[in-house]
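Worksheet: the structure to be examined is printed underneath.
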Amino acid sequence: VVRAPEEVRGKVGAGTAFITFAVTDLDEKLEESRSRGYTTSEVKTFNVNENVALSCATVTAGDLTFELVKFNAL
């Protein structure tokens with residue numbers, strides 16, 4: 001956790017809008033999350049462009065939801 005930059009203080013409220021982690025082992029991270037009792041969404045995959053696909057899912061751990069993202073070369 002870091003302090004908000006001076007430029008946005010007073011303009012952005014406290015809290016977290018969204019946290020994303022890039023991973024190389026999405027399925028394993030989701031399995032580990034479920035084994036810890038966290039709720040996971042289904043994996044959604046779409047093409048970013050002709051060279052890259054993106055697979056992502058969310059994990060909810062208590063009051064915190066975050067996203068796991070894996071980039072795949074096509």
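The values are calculated or read from the model by the stated rules, or taken from the named source; none is laboratory data. Because the structure is predicted, anything quoted here is derived from the model rather than measured. In this analysis, Cβ positions are derived from the backbone assuming ideal geometry, glycine residues included, and neighbour counts consider all displayed protein chains. Side chains are part of the model used for accessible areas, which takes the heavy atoms of the whole protein and leaves out ligands, DNA and RNA. Shrake-Rupley method; radii C 1.70, N 1.55, O 1.52, S 1.80 Å.
Each residue of the stretch 19-33 in order: what ³J(HN,Hα) in whole Hz does its phi give by Karplus 6.51 cos²θ - 1.76 cosθ + 1.60, θ = phi - 60°, with x for Gly and Pro?
Rounded to whole hertz, the list is 10, 10, 10, 7, 10, 9, 10, 4, 4, 5, 5, 5, 4, 4, 4.
Hey, can you rank 63-71, 31-39, 46-54 by average C-beta count inside 10 Å, highest first?
Output ranking for 63-71, 31-39, 46-54: 63-71, 31-39, 46-54.
Calculated FRET efficiency, T39 and L74, Cβ-Cβ r, R0 22 Å, to nearest 0.05?
Once the sixth-power term is evaluated, E becomes 0.15.
Give me, ordered by chain and number, the residues 5 or more places off V23 or on other chains with an amide H under 5 Å from its own placed amide H.
V69, K70, F71
At a Förster radius of 25 Å, what calculated FRET efficiency corresponds to the Cβ-Cβ distance of F21 and N47, to the nearest 0.05?
For R0 = 25 Å, the calculated efficiency reads 0.75.
Over the stretch 20-73, average the accessible area per residue using a 1.4 Å probe and give it in Å², no decimals.
That works out to 67 Å² for each residue.
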